[in-house]
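Single-structure report; data block below.
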Amino acid sequence: MSGHGAPVPMTSRKCTALKGVANVPGDKSISHRSLILGALSVGETRISGLLEGEDVIDTAKAMRAFGAEVEDLGGGEWRVHGVGVGGFAEPSQVIDCGNSGTGVRLIMGTMATSPITATFTGDASLCSRPMGRVTDPLALFGARAYGRTGGRLPMTIVGAKDPVPVTYTVPVPSAQVKSAVLLAGLNAPGKTLVIEKEATRDHTERMLAGFGAEITVEEAAEGRVITLTGQPELKPQDIVVPRDPSSAAFPVCAAIITEGSDVLVPNIGLNPTRAGLFTTLREMGADLSYENLREEGGEPVADLRARYSPDLKGIAVPPERAASMIDEYPVLSVVASFAEGKTEMRGVKELRVKESDRIDAMAKGLRAAGVTVDEGEDWWVVEGRGFGNVPGGVMVESRLDHRIAMSFLVMGMATEKPMTVDDASPIATSFPIFESLMASLGSAITRGNR
Ligand code: S3P
């Protein structure tokens with residue numbers, strides 16, 4: 001789990017010509033769901049390409065604590081022997097989800113409709129994040145939650161003995177909340193309905209269908225209406241986890257801002273609920289192309305080719321695109337710093353409750369590096385300074401947030417003076433090979449603060 005060892009400062013300095021192939025790790029969202037749905041199936045699920053980052057490993061441990069057999073076969077191959085829907089055993093230990101909001105929220109949902117009790121905790125970042133958004137709908141199923149003030153971890157969930165199905169409109173655009181309700185609905189008799197006004201990543205819906213659940217999605221006046229029939233027998237699957245577009249964002253953006261670069265990032269899922277960053281970068285004038293566009297496992301997939309893009313223009317990012325790129329705003333704000341003109345990012349209140357308050361973390365670091373940033377509760381605007389004009393030369397805080405750490409290390413590749421991140425250890429939660437992969441492309445990232 002991150003944030004428990006000594007901090008690992010890292011410094012990134014100006015480099016030229018990132019070149020080569022960036023094989024980024026497996027998708028984090030799909031990796032968590034593969035382990036959880038595997039644990040809820042009857043029989044053996046095989047997973048290849050699992051992200052072996054700390055967040056996902058914590059979910060694997062949790063699935064073992066609830067009674068599933070989870071085995072690492074090596075080389076990204078995993079085997080999960082599930083206990084079936086409603087088959088979770090009561091864990092004898094506290095479930096530590098480390099840094100992972102997705103892990104804890106999905107697992108809380110999964111166990112909330114079984115007659116068992118479990119206590120959840122996490123690192124300082126996770127213990128500061130709101131859980132009421134999940135425990136409120138879980139209470140409708142009959143589960144009870146006892147946590148710290150403000151609905152924070154550590155928290156004990158007492159699962160419902162006789163769960164009832166629910167109809168729930170998700171009040172914030174959140175795939176984690178949607179997924180927690182759907183996973184709880186699995187063990188409630190009858191139909192559970194989840195309505196989301198704005199579409200968020202739809203991996204849970206797609207994967208539940210793949211595991212044999214009866215699930216329908218309908219576009220209605222009130223939004224996306226998802227209907228799940230409870231108490232199915234989930235059938236084990238062979239899953240190939242696609243590579244993570246949110247991790248691909250870092251080598252892609254690094255190539256765009258680093259002079260002379262030409263980087264290929266193969267096999268990236270372009271599910272429209274995830275691909276908003278790439279559309280935005282192209283609108284800003286980035287030289288980013290999709291090669292070998294194809295369909296795999298029902299999802300559009302392409303090899304991304306990103307080249308240095310000296311003529312970037314700031315744009316107003318459409319607020320309705322926010323959910324499809326919610327994890328990518330930090331690194332977008334870095335690219336925006338090197339563009340001509342302002343980049344406006346609106347409708348992004350959710351950024352304030354991620355692993356850190358991402359608007360605050362980025363705004364402070366960007367300002368320290370010489371970039372003007374204006375912000376409000378649900379918006380921020382970055383005034384681009386153009387290439388060769390962003391000073392850098394500062395140490396910034398990563399705040400136990402992997403994406404803040406990686407964003408500032410990408411920034412240092414094009415600032416005039418190096419950028420130092422006070423603690424890069426959280427990168428291991430989602431992108432454990434970041435340092436070696438970036439080095440193989442030609443980055444100049446070193447450990448330490450100089
Ligand atoms: C995720 C949903 C998003 C995202 C997170 C992964 C998921 O969180 O930020 O990194 O796998 O469901 P929210 O549901 O809070 O938007």
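For labels at residue 295 and residue 364 in the simple 7 Å Cα→Cβ model, what's the distance in nm?
Between residue 295 and residue 364, the simple spin-label model gives 4.7 nm.
Quick one: Karplus J couplings for the stretch 117-131, per residue in order, coefficients 6.51, -1.76, 1.60, θ = phi - 60°, nearest Hz, x for Gly and Pro?
Here the 3J(HN,Hα) series is 10, 9, 10, 10, 9, x, 7, 4, 5, 5, 6, 9, 9, x, 10 Hz.
Roughly how tilted is helix 101-111, in degrees to the nearest 10 and between 0 and 90, from the longest Cα axis of the chain?
10
By DSSP, what percent of the beta bridges with both residues in the stretch 219-357 are antiparallel, rounded to the nearest 5?
Details: 16 of 20 bridges.
Percent antiparallel among DSSP bridges in the stretch 219-357 is about 80.
If the label point is 7 Å along Cα→Cβ of residue 313, which residues in the stretch 332-376 have backbone nitrogen under 20 Å from it?
The answer is 332-346, whose backbone nitrogens lie closer than 20 Å to the label point.
If I stretch the segment between residue 353 and residue 92 completely, what's the gain in nm (0.36 nm per residue apart, minus their alpha carbon distance), one decimal?
90.9 nm
Taking the beta-carbon count within 10 Å as an exposure proxy, list 445, 256 from fewest neighbours to most. Could the numbers behind the result be given before it?
On the way: 445 22, 256 28.
Result, fewest neighbours first: 445, 256.
Out of all DSSP beta bridges with both ends in the chain, state the antiparallel percent to the nearest 5.
Once the DSSP bridges in the chain are tallied, antiparallel ones form about 75 percent.
Relative to the first principal axis of the alpha-carbon coordinates of the chain, what is the inclination of helix 28-39, with its axis defined by its Cα atoms, in degrees from 0 to 90 and to the nearest 10?
Tilt of helix 28-39: around 20 degrees.
Compute the long axis of helix 175-185 from its Cα atoms, compare it with the longest principal axis of the Cα atoms of the chain, and write down the angle in degrees, 0 to 90, nearest 10.
10
On the principal axes of its Cα set, how long, how wide and how thick is the chain? Give whole Å, largest value first.
Cα spread of the chain along its principal axes, largest to smallest: 63, 47, 47 Å.
Between residue 320 and residue 71, 0.36 nm times their residue separation minus their Cα-Cα distance comes to what?
Working: separation 249, 0.36 × 249 = 89.64 nm, distance 4.03 nm.
85.6 nm is the gain from fully extending residue 320 to residue 71.
Looking at the square roots a ≥ b ≥ c of the eigenvalues of the Cα gyration tensor of the stretch 28-228, which shape do they give, rounded for a/c under 1.5, prolate if a/b is larger than b/c, or oblate?
Values: a/c = 1.39, a/b = 1.14, b/c = 1.22.
Rounded is the answer for the stretch 28-228, as its axis ratio a/c remains below 1.5.
Largest first and in whole Å, give the semi-axes of the stretch 60-171's equivalent ellipsoid, each being the square root of 5 times a Cα gyration tensor eigenvalue.
23, 18, 13
Please tell me which of these pairs span more than 26 angstrom C-alpha to C-alpha: 19/342; 197/354; 28/342; 349/417; 19/364; 178/235?
As for pairs spanning more than 26 Å Cα to Cα, those are 19/342; 28/342; 349/417; 19/364.
The numbers here are math on the coordinates, done by the rules we state, and not lab data. Quick caveat: nothing in here was measured; it's all calculated off a predicted structure. Cβ coordinates were reconstructed from backbone atoms using ideal geometry, including for glycine residues, and neighbour counts include every protein chain displayed.
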